[in-house]
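Enquirer: Input: one structure, supplied below.
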Amino acid sequence: MLPWYINNELLLILAYLLGSFPTGYLAGRLLKGIDIREVGSGSTGATNVLRTLGKVPAIVVLLIDVLKGALAIAAVNFAFTQLPGWLYYTKVVDVNLANWQPWMIVLAGLLALLGHSKPIWLNFKGGKSVATSLGVLLAMDWRVGLSTIAVFAISLAISRIVSLSSITGAISVTALMIAFRQPLPYCLFAIAGGIYVIWLHRTNIQRLLTGTEPRFGQALPEQPEDGG
């Protein structure tokens, strides 16, 4: 039986690897033979895929990126409730998994976000982790996830700017966690994850402040990174 800390370290590594699956990059290579990091915004996210490859590839990339975050959380839940390597500590060593599980979910979620934005396979240059963070939220509590989608959609309908809508959604998550009475670890994830997603949009924020951020469907200026 592996030591408790090794079991959990392996689980967190899995969460990072799930997040780092290079969906947008593979779409660019398979469909057009291009490195999507060198075209458009330079992001591997769904927004750049939409501008570079079209609607259908963007939808597929978006769904897979959401799934990556959800799978990272599902892996933790499965391990803590089904796998002998964790149940052993409940029955023999008397570890209270119910106390540890929310914290492990938070760590796995953060590592999934890190994996998407800093994938080891792409020299740590990925996307903005918006879709992956949505998958994490949906797996934590579907009400929070769907409410975040609603905030994003309303913001996009009003502003027609993807990056601004992503930032608005990231800001709203903490309030939504509190509103739905989520545990403290999840609220802390909302704060940390929201700050991280906003930080990844720092170039977009500069363009928003100067009024040069493109609206949804508009061509992107020739400069690196965009909200995708």
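The values are calculated or read from the model by the stated rules, or taken from the named source; none is laboratory data. Keep in mind it's a predicted model, so treat the numbers as computed, not measured. Note that we place each Cβ from the backbone using ideal geometry, even for glycine, and neighbour counts take in every protein chain shown. These accessible areas exclude ligands, DNA and RNA; they are computed on the full protein's heavy atoms, side chains included. Shrake-Rupley method; radii C 1.70, N 1.55, O 1.52, S 1.80 Å.
Enquirer: Using alpha-carbon positions, what is the distance between the centroids of the stretch 42-85 and the stretch 111-189, in Å?
Expert: If you average the Cα positions of each part, the centres end up 12 Å apart.
Enquirer: Which one, Ser166, Ala74, Tyr5, projects farthest toward the positive side of the charge dipole computed for the chain from Cβ point charges (K/R +1, D/E -1)?
Expert: Ser166
Enquirer: Rounded to two decimals, what is the ratio between the C-alpha radius of gyration of the stretch 106-214 and 2.2 N^0.38 Å? List each step's numbers first, then the result.
Expert: On the way: Rg = 13.7 Å, N = 109, 2.2 N^0.38 = 13.1 Å.
Output field value: 1.05.
Enquirer: If you don't mind, there's one more thing I want to ask. Can you tell me the orientation of helix 130-140 relative to the chain, as the angle in degrees between its alpha-carbon axis and the longest Cα principal axis, to the nearest 10?
Expert: For 130-140 against the chain, the angle is about 30 degrees.
Enquirer: While we're on this one: Compute the length gained on full extension between Arg181 and Tyr5: take 0.36 nm times their separation in residues and subtract their Cα-Cα distance, giving the result in nm to one decimal.
Expert: Values: separation 176, 0.36 × 176 = 63.36 nm, distance 2.94 nm.
Result: 60.4 nm gained on full extension.
Enquirer: Give the accessible area for Lys55 in Å² (nearest 10); use a 1.4 Å probe, count only protein heavy atoms, and leave out ligands, DNA and RNA.
Expert: Solvent-accessible area, nearest 10 Å²: 150 Å².
Enquirer: Where the accessible area of the chain is counted over protein heavy atoms with a 1.4 Å probe, how much of it, in %, is carbon and sulfur?
Expert: On the way: 7710 of 11110 Å².
Summing carbon and sulfur atoms, their accessible area is 69 percent of the total for the chain.
Enquirer: Working from Cα positions, state the angle (0 to 90°, nearest 10) between the long axis of helix 23-32 and the longest principal axis of the chain.
Expert: 40 degrees
Enquirer: Dipole size in debye (nearest 20) for the chain around its Cα centre, Lys and Arg Cβ +1, Asp and Glu Cβ -1? Intermediate results must be reported in sequence, preceding the final value.
Expert: Numbers: 16 positive and 10 negative charges, 74 e Å.
Using Cβ point charges on Lys, Arg, Asp and Glu, the chain gives about 360 debye.
Enquirer: If you take the charge dipole of the stretch 1-210 about its Cα centre, with +1 on Lys and Arg Cβ and -1 on Asp and Glu Cβ, which of Ala58, Ile195, Leu176 is farthest toward its positive end?
Expert: After comparing all options, I get Ala58.
Enquirer: For the chain, find the longest principal axis of its Cα atoms and tell me its angle to the long axis of helix 184-200, 0 to 90°, nearest 10.
Expert: Taking the Cα atoms of the chain, the angle to 184-200 is about 30 degrees.
Enquirer: Determine ³J(HN,Hα), in whole Hz, for all residues of the stretch 66-83 in sequence, where each value follows from phi through the Karplus function 6.51 cos²θ - 1.76 cosθ + 1.60 and θ = phi - 60°; x replaces Gly and Pro.
Expert: Taking θ as phi minus 60°, the curve returns 5, 4, 4, x, 5, 5, 4, 6, 4, 5, 5, 4, 5, 4, 6, 10, 10, 8 Hz for the stretch 66-83.
Enquirer: Another question, if that's okay. Sort largest first and round to whole Å: the equivalent ellipsoid semi-axes of the stretch 1-61, each the square root of five times a Cα gyration tensor eigenvalue. Please report the intermediate quantities before stating the final value.
Expert: On the way: eigenvalues 218, 20, 17 Å².
The answer is 33, 10, 9 Å, longest axis first.
Enquirer: Quick one: Kirkwood hydrodynamic radius for the stretch 1-210, alpha-carbon pairs, angstrom, one decimal?
Expert: Numbers: mean 1/r = 0.0568 Å⁻¹.
That comes to 17.6 Å for the stretch 1-210.
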